[in-house]
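Structure first, then comments.
The values are calculated or read from the model by the stated rules, or taken from the named source; none is laboratory data. Computed from a predicted structure; not experimentally measured. No Cβ is skipped: glycine too gets one built from the backbone with ideal geometry, and neighbour counts run over all protein chains shown. Side chains included, ligands, DNA and RNA excluded: accessible areas come from the protein's heavy atoms. Shrake-Rupley method; radii C 1.70, N 1.55, O 1.52, S 1.80 Å.
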Amino acid sequence: MPRLAPLLTCLLGLLLLAANPAHAQEMPPWGTGESRGEDLSIYLVTFGPGDDVASWWGHGSLVVEDHKAQQARLYNYGMFSFDQTMLLRYAMGRLEFWVDDASPGATFRFYRSLNRDVRLQELNLSLAQKVELARLLAVNVLPENRNYLYQHYSDNCVTRLRDGIDKVLGGQLQQAMSTPGRMTLRDHVRRYTAVGPPMSLLLDFLMNDEIDQPITRWQEAFLPDELERQVAEMQVVGADGQKHPLVARNMTSYASQGRPQTPEQPPKYGPVLLVLGLVFGGGAVGLSLWSRRSGARAPRILLGLQNVLVGLVLGIPGFALFIMWVFTEHTVTHRNENLFLANPLTLLALPLGIQMIFGSARAPERLRRLWLALAGLGVLGLVLKALPMFDQDNWRLIAFILPISVGMAGALRLGRAPAAARAPDALASSLKAS
């Protein structure tokens, strides 16, 4: 996504640009060397999750304030251009972001209007470190420096904040955060997307085992809340050689009202998906048995509708996943084991299902062959899980999709006999009529 568009942590940067068209362009005093460390305060700002998919992850920024000059700016690394080529650049994995500055007050009001948390941590930096970080931000925002190639997990609008703080601390942040993380990247994605189960399941399907490997707390800090948590726990060595907290004080500019908290652990919906898969696959077998016994049109039409539904729900993501692997730079989608479960072949169930609904004599046989192939691929993917290199965490999807494929294959297999038996009857009726 997670470089996936739905996982863009900083999509609202575009809205901030629209909300602050008159953002400052002149170099602030800390960029020209006029500011003194004792006059500066630097805040890590964490914005809570929002309602739309792109804002589920929250957002983060840094604020620099010069009390003497009475100037303050918020540095936002989440800006990008929503132009005609944006979707194409994203699809190819080449989405470019940049950093921009804005009024902190206007930005806070904007997030408040969206009922999103606005939390600040004043960083307990030395005078020299404040000057260095403030100047780094002012230089980064210059046109020649501001652009970067967005990578959802490793180079986004929050990791840029993390890296800047770590730089002025002489690497202390990264060293302290080199310990094992709380969970994998996939687990983090699943818990942040728990508010929207269908989207959560889609993202789970699209991403490969790159996000299933053990990670460090440093890598976990691609998320705003995780960076906030770790900075709050951080002890750094100051100019006096003594350790002290990295956060001098915490402030809340706005607390959201009635918004659910992000769960600490990913949801456990594997059993539910297994039941759904069994019900759907078993339902297809039931329709086939009904058709075999009664010869009625209704079960054939309903089974055709099931094929259309599966072709849409599983075939389109399977086709998209294949395209992303072959033609784009979204490496998190490459060599994805879920292609054993749903792939471009699955999409064929859509037109064949429509043909079956309208009584095509050839559609059932073609669907039978299709589902036998898909069920075979699904079983192969399951068997290969015994090998160490097939370590993708996709058991939930296996539990959901494999019963559907096996059930559909069984249903079309059962449906062959009645179809063959009815063909001579139809021919005899035709001859009698003539």
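Looking at the stretch 272-281 only, could you name the residues that are touching a Pro at 6+ places or on another chain (Cβ under 8 Å) and open to solvent by less than 40 Å² (accessible area, probe 1.4 Å)?
Once the filter is applied, which keeps residues that are touching a Pro at 6+ places or on another chain (Cβ under 8 Å) and open to solvent by less than 40 Å² (accessible area, probe 1.4 Å), the stretch 272-281 yields G277, G281.
Being over 17 Å from A221 (Cβ atoms), open to solvent by less than 10 Å² (accessible area, probe 1.4 Å), modelled with pLDDT under 95 and not in a helix (DSSP H, G or I) is the filter here, so list the residues in the stretch 51-80 that pass it.
Correct list: M79, F80.
Can you confirm whether the stretch 129-148 contains a residue that is more than 30 Å from D66 (Cα to Cα) and crowded, with 17+ Cβ neighbours inside 10 Å?
No; the residues of the stretch 129-148 include none that is more than 30 Å from D66 (Cα to Cα) and crowded, with 17+ Cβ neighbours inside 10 Å.
Considering only residues that are of a type outside the set (S, T, N, Q) and open to solvent by 10 Å² or more (accessible area, probe 1.4 Å), which ones fall in the stretch 33-49?
If the condition is that a residue be of a type outside the set (S, T, N, Q) and open to solvent by 10 Å² or more (accessible area, probe 1.4 Å), then G33, E34, R36, E38, D39, Y43, P49 are the ones that fit.
From R116, R112, grab the single residue that is touching a strand residue (DSSP E or B) at 6+ places or on another chain (Cβ under 7 Å), assigned to a loop (DSSP other than H, G, I, E, B), charged (D, E, K, R) and farther than 16 Å from D66 by Cβ.
It is R116.
Looking at the stretch 102-119 only, could you name the residues that are of a type in the set (S, T, N, Q) and touching a helix residue (DSSP H, G or I) at 6+ places or on another chain (Cβ under 8 Å)?
The answer is T107, and nothing else.
Pick from the stretch 216-236 the residues that are out of contact with any Phe, Trp or Tyr (no Cβ under 9 Å at 6 or more places or on another chain) and outside any helix (DSSP H, G or I): which of them is most open to solvent (accessible area, probe 1.4 Å)?
The qualifying residue most open to solvent (accessible area, probe 1.4 Å) is Q235.
Inside the stretch 204-215, can you point out the residues that are in a helix (DSSP H, G or I), touching a helix residue (DSSP H, G or I) at 6+ places or on another chain (Cβ under 6 Å) and buried (at least 18 other Cβ atoms within 10 Å of the Cβ)?
Hits for the stretch 204-215 are F205, L206, I211.
State which residue is farthest from V131 (Cα to Cα) when the search covers only the stretch 161-184 and only residues that are assigned to a helix (DSSP H, G or I) and open to solvent by 60 Å² or more (accessible area, probe 1.4 Å).
Going through the qualifying residues, I end up with Q175.
Write out, first by first residue and then by second, each pair whose Cβ atoms fall under 8 Å of each other, whose residues are 6+ apart or on separate chains, and whose first residue, in the stretch 372-395, is open to solvent by less than 50 Å² (accessible area, probe 1.4 Å) while the second is of a type in the set (S, T, Y) and part of a loop (DSSP other than H, G, I, E, B).
Final answer for the pair search is D393/T184.
Across the stretch 138-154, what is the total count of residues that are closer than 20 Å to L223 by Cα and hydrophobic (A, V, I, L, M, F, W, C)?
So the answer is 1.
What are the pairs with Cβ atoms under 6 angstrom where one residue, in the stretch 322-349, is open to solvent by less than 50 Å² (accessible area, probe 1.4 Å) and part of a helix (DSSP H, G or I) and the other, located anywhere, is among the β-branched types (V, I, T) and at pLDDT 95 or above? Sequence gap at least six, or different chains.
Every condition considered, the pairs that remain are A349/V310.
Just need a number here: residues in the stretch 264-290 that are part of a helix (DSSP H, G or I) and in contact with a Ser or Thr (Cβ under 8 Å, 6 or more places away or on another chain).
Selection size over the stretch 264-290: 1.
Yes/no per residue for (1) within 27 Å of S200 (Cβ to Cβ); (2) in a loop (DSSP other than H, G, I, E, B):
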site: S360; (1), (2): no, yes
site: R368; (1), (2): no, no
site: L374; (1), (2): yes, no
site: V379; (1), (2): yes, no
site: L382; (1), (2): yes, no
site: A386; (1), (2): no, yes
site: R396; (1), (2): yes, no
site: A399; (1), (2): yes, no
site: I404; (1), (2): yes, no
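When you check D39 against the structure, is it closer than 27 Å to T262 by Cα and at pLDDT 80 or above, yes or no?
In short, no.
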